[in-house]
Amino acid sequence: MGRESLSESDRLFARLVVEQGLVTSEQLEVCLGLRDGLIERGANPPPKIGELLLRRGFLTPDKYAATLHASLSPPTTRAPSAPQPLPPEAEAAGRNPANAVGRYVLVSRLGAGGMGEVWRAWDRDLRRWVALKFLKGENPAELARFEREAQTAAALSHPNISAVYDVGHHETRAYIALQLVNGRTLAAFPRRDRKLLARLMHDAALAVQYAHDEGVVHRDLKPHNLMVEGTDPATLRVYVMDFGLAKQTAGGSSLSASGSVLGTPAYMPPEQAHGRLRDVDSRSDIYSLGATLYELLADEPPFSDSNVLEILRKVVEEDPRPLRKVNPLIDGDLETIVMKCLEKERDRRYATARGLAEDLDRWLRGEAIQAHPPSVAYRLRKFVARRKAIVIPIAAAVLCAAGFGAWALSANTRREEEKAAKTAALTDKASQDRAMKLLEAGRPAIDQASRYLYDRNADYQELVRRVDLGQKQIEQALEIAPGLASAHFLLGRAWELKGWEEKAEACWRKAIELDPEFGAPRFHLGRLLLERTVTTMLYSEGESRADQLARMPE
């Protein structure tokens, strides 16, 4: 029926938008059904599947344009491209026997790296341009890693991953024939358009997610390994390159010894910089994607130094400067996305590369992102852990004051909340009862999560899940009774636990406004402001006091 009449470009378009996470398979099925119905009613020619996705609002115009370009002129990922006439420069290079490498003719050198050099070459059999990558030297370990790159990359078929065509040896040198991407790396890409950079990183993250789904971790993502092809901003395509350090998550490999450091120091996560290669997983790639985006936005990597060992030390022990302290023009939500990727603790990063891509897409659409900045309490706790000899007395005083205040208030907090409920401007007794039931249902989750605020071993994702459940019930109570001071107080506690101090502060100020005698929000607001003051004093990057502390011995 209608689906059999889909053109090859339409089929590719449908596959691309689903693979890249731009639409769901259910949304695609809806539009395929609409197209079938139009054909049954005599539509000739039937609409393109992309046009239907666009009309239904499932696909944005910019994503439609980019994917349409890809489907009309797809990269040669596995099938040979149409034979081309012999280019003059290939013909000229072919006259020199030294340029012959099997069926390939070396035309011009594109660059060289730590493991080898790359040439622009002409495939005389299939009559197409390729990138021919040679391995330097004859080290058996490097040769094994080089061949693994070919095997790993050859198994990946994605529109944003460069394809591998061939593997071979010429005289004493091993080579890989790769898809030639006519473009430049993100290291040399213009950095003025932040939305364009975010879109390119969104696409790269989806390609990395595809590799993760196939059981492959890249382990060396950086601006030099992400190439951009094209000149029109609407149709630019990013390619993930160089799987030379890729790790198969299924099965083992003897190529990486425990304690060795593989990758590029400025972009590698702490677990990799520390040499704990068994801890390197998909979340390690997320850190590297974040480090890459950090450099694109700040025009400098998260960590830099002329000494490689010093960079590795910083990666393991220090936090990068907040992005907006380097570039104040960066949007706060975009900073939050980047800094979440760069968390030292793997569990605090995005769980998947797709999660990163989805938040970048939300930011591009102007929607609320899912990530949230780390709380003042968490940042203070990290600082105490790293500067124990300096700040333990101050931090202990703050936390002891908070703990004593909490104990002193615990006896009368419930009584004050009940009083606040009685004085709230509720429409009727039934509404008051419903609101209080919702409030009591949501309170345990908030109380339980609060107990884990300073617990280093707490499961942060589980904490957020519990807070979300309680917060929904508290917000429902406020819909019924917006003047309920105790609900604003509990909502503030929920926001603080999730890292949104500004929202917590607003809720507590609202609770105090509704009931000036309500002590609990006054205490929590005071504690928050005290912690913020101490953190600013001791933790602010770039401040002279912080620089002095950083130079002091542990």
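Only one of these is modelled with pLDDT under 90, farther than 19 Å from residue 352 by Cβ and assigned to a helix (DSSP H, G or I): 257, 266. Name it.
Details: 257 fails: assigned to a helix (DSSP H, G or I).
Within the list 257, 266, the selection yields 266.
Failed condition for residue 237, given (1) under 20 Å from residue 176 (Cβ atoms); (2) open to solvent by less than 70 Å² (accessible area, probe 1.4 Å); (3) modelled with pLDDT of 85 or more, with all others met?
(1)
Inspect all residues belonging to region 318-338 and state whether any of them is farther than 22 Å from residue 370 by Cα, open to solvent by less than 10 Å² (accessible area, probe 1.4 Å) and not hydroxyl-bearing (Ser, Thr, Tyr).
No, because not a single residue in region 318-338 is farther than 22 Å from residue 370 by Cα, open to solvent by less than 10 Å² (accessible area, probe 1.4 Å) and not hydroxyl-bearing (Ser, Thr, Tyr).
Pairs under 9 Å by beta carbon, first residue over 17 Å from residue 51 (Cβ atoms) in region 16-31, partner assigned to a helix (DSSP H, G or I) and among the hydrophobic types (A, V, I, L, M, F, W, C), six or more apart or different chains?
Matching pairs, first to second residue: 19/206; 20/206; 20/207; 20/357; 21/206; 21/357; 24/18; 25/18.
Return the residues of region 521-545 that are open to solvent by less than 30 Å² (accessible area, probe 1.4 Å) and at pLDDT below 85; say none if nothing qualifies. Reasoning before the result, please.
Narrowing region 521-545 to residues open to solvent by less than 30 Å² (accessible area, probe 1.4 Å): 521, 525, 527-528, 531, 534-535, 538, 540.
Within region 521-545, 527, 528, 531, 534, 535, 538, 540 qualify.
Just to be sure I understand the filter: pairs with C-beta atoms under 8 Å, separated by 6 or more residues or on different chains, first member in region 269-294 and closer than 25 Å to residue 200 by Cβ, second member open to solvent by less than 10 Å² (accessible area, probe 1.4 Å) and among the acidic types (Asp, Glu). Which pairs pass?
Going by the 8 Å Cβ cut-off, the qualifying pairs are 280/271; 284/271.
Answer yes if at least one residue in region 143-156 is crowded, with 16+ Cβ neighbours inside 10 Å, closer than 29 Å to residue 89 by Cβ and modelled with pLDDT of 80 or more, and no otherwise.
The answer is no, given that none of the residues of region 143-156 is crowded, with 16+ Cβ neighbours inside 10 Å, closer than 29 Å to residue 89 by Cβ and modelled with pLDDT of 80 or more.
Got a number for residues in region 181-211 being in contact with a Leu (Cβ under 7 Å, 6 or more places away or on another chain) and open to solvent by 50 Å² or more (accessible area, probe 1.4 Å)?
Adding up the residues that qualify gives 3.
Select from region 168-180 the residues that are open to solvent by 20 Å² or more (accessible area, probe 1.4 Å) and more than 14 Å from residue 118 (Cα to Cα) and write down the one among them that is modelled with the lowest pLDDT.
Among those that are open to solvent by 20 Å² or more (accessible area, probe 1.4 Å) and more than 14 Å from residue 118 (Cα to Cα), it is 172.
Hey, residue 312 hits all of (1) in contact with a helix residue (DSSP H, G or I) (Cβ under 6 Å, 6 or more places away or on another chain); (2) in contact (Cβ under 8 Å) with a residue 60 or more places away in the chain but one; which does it fall short on?
(2)
The values are calculated or read from the model by the stated rules, or taken from the named source; none is laboratory data. Small disclaimer: the values here were computed from a predicted structure and weren't measured. Cβ coordinates were reconstructed from backbone atoms using ideal geometry, including for glycine residues, and neighbour counts include every protein chain displayed. SASA here: full protein model, heavy atoms, side chains in, ligands and nucleic acids out. Shrake-Rupley method; radii C 1.70, N 1.55, O 1.52, S 1.80 Å.
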